[in-house]
Amino acid sequence: MRTSEQQGVLLYAFTCGHITLPMSFFLDGEPGKARVPACVFLIDHPKGLVLFDTGFSDRFVGMEKGLGKIVDMPDGANISDRLKAIDVDPGQIDYIINSHLHIDHAGGNHMLPNATIIVQTPEWDFGLSGEDSAYDKVDFDLGQPVKRIDGEHDLFGDGTIVIFSTAGHTPGHQSVRVRTATGEAVLAADCCNMRRSLDEMHLPDHCYNVDQYRGSLETLSRLRRAGAQVFYGHDPEFWSQVPQAQELDLNTLPPA
Ligand SMILES: [Zn+2]
């Protein structure tokens, strides 16, 4: 899909399913409920195709009981179908960077048969431990190659895709800085659910580690002040303004 005129690192966004949860789950103390997207990014680098998160699994399509009551996963919304719609073969994805392994972030891993999963070591260990019901091993313990990292990792060694630790939501949460032709993107995921999380340093009502969570928000705040475009993990209002399945121009997004 990369044309001869397109150079450098290209970034694409998708939503792969939605989930409805109490608003306090994202912003402590807030009333009501929020229907939020599960977000996925395709990073097209000259040396390889990379996904950041993979959304919900298609096992939720048509599910009416249990999690099916809060997960909205239509037919055709999975990452495999969304990639095919822009002429990307899911078999050509080289890497999956999972921000963490919760069901709304790792559900499509099984559809990327040739990808190596990149995850922080504490996240992999915690996900496998069975201590938290927001994980399901059927999503990620699939025999795919797993590259465990600890802290910062420059994926191709050229500074364009830099993974960094943003622990707190989970033990091994990570985010990514992506340098595109139109600026730097920070793919936050659940270390920063909403724009308000950052504007107000507003934590969710649940964290694996509150101090780490606050530290991760501070890291993001520094990056935003330095001019990066932060992609808030679950902000429905922000995501309603992000063009999907097309090359993103960071200058056309709502101002930080
Ligand atoms: Zn999560």
> Which ones in the stretch 210-224 are open to solvent by 20 Å² or more (accessible area, probe 1.4 Å), out of contact with any helix residue (DSSP H, G or I) (no Cβ under 9 Å at 6 or more places or on another chain) and either free of Cβ contacts under 8 Å to residues at least 40 places away in the same chain or within 16 Å of the ligand (Cβ to nearest atom) (or both)?
Replying inline: Val210, Gln212, Glu218, Arg222
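Sort out which residues of the stretch 230-243 are open to solvent by 20 Å² or more (accessible area, probe 1.4 Å) and out of contact with any Lys or Arg (no Cβ under 8 Å at 6 or more places or on another chain), and write them in order of number.
Once the filter is applied, which keeps residues that are open to solvent by 20 Å² or more (accessible area, probe 1.4 Å) and out of contact with any Lys or Arg (no Cβ under 8 Å at 6 or more places or on another chain), the stretch 230-243 yields Ser240, Gln241, Pro243.
Quick check on the stretch 159-169. Is at least one of its residues away from the ligand (no atom under 13 Å from the Cβ), more than 18 Å from Cys16 (Cβ to Cβ) and either part of a loop (DSSP other than H, G, I, E, B) or at pLDDT below 95 (or both)?
Let us first name the residues in the stretch 159-169 that are away from the ligand (no atom under 13 Å from the Cβ), namely 159-165.
Keeping just the survivors that are more than 18 Å from Cys16 (Cβ to Cβ) gives 159-165.
Narrowing the set further to residues that are either part of a loop (DSSP other than H, G, I, E, B) or at pLDDT below 95 (or both) leaves 159-160.
Checked against the condition, which is being away from the ligand (no atom under 13 Å from the Cβ), more than 18 Å from Cys16 (Cβ to Cβ) and either part of a loop (DSSP other than H, G, I, E, B) or at pLDDT below 95 (or both), the stretch 159-169 yields at least one hit.
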> Is the stretch 124-142 home to any residue that is open to solvent by less than 10 Å² (accessible area, probe 1.4 Å), hydroxyl-bearing (Ser, Thr, Tyr) and closer than 25 Å to Phe25 by Cα?
Replying inline: no
> For the stretch 112-123, which residues satisfy the criterion of being crowded, with 24+ Cβ neighbours inside 10 Å and either in contact with a helix residue (DSSP H, G or I) (Cβ under 7 Å, 6 or more places away or on another chain) or part of a loop (DSSP other than H, G, I, E, B) (or both)?
Replying inline: Leu112
>> Just to be sure I understand the filter: pairs with C-beta atoms under 6 Å, separated by 6 or more residues or on different chains, first member in the stretch 1-18 and on the phi > 0 side of the Ramachandran plot and outside any strand (DSSP E or B), second member modelled with pLDDT under 95 and of a type outside the set (Lys, Arg). Which pairs pass?
In response: Gly8/Ala181
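Identify, from the list Asp81, Asp104, the residue that is within 14 Å of the ligand (Cβ to nearest atom), in a helix (DSSP H, G or I) and either open to solvent by 30 Å² or more (accessible area, probe 1.4 Å) or closer than 16 Å to Asp139 by Cβ (or both).
Details: Asp81 fails: within 14 Å of the ligand (Cβ to nearest atom).
Matching residue, one of Asp81, Asp104: Asp104.
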> Which residues, taken from the stretch 51-78, are part of a strand (DSSP E or B) and among the hydrophobic types (A, V, I, L, M, F, W, C)?
Replying inline: Leu51, Phe52, Val71
>> Looking only at the stretch 23-50, count every residue that is surrounded by 14 or more Cβ atoms within 10 Å (Cβ to Cβ) and assigned to a strand (DSSP E or B) and tell me the total.
In response: 14
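The values are calculated or read from the model by the stated rules, or taken from the named source; none is laboratory data. Owing to the predicted nature of the structure, the values given are computational and were not obtained by experimental measurement. Note: ideal-geometry Cβ built from the backbone for every residue, glycine included; neighbour counts use all protein chains shown. In case anyone asks, the SASA skips ligands and DNA or RNA and just uses the protein heavy atoms, side chains included. Shrake-Rupley method; radii C 1.70, N 1.55, O 1.52, S 1.80 Å.
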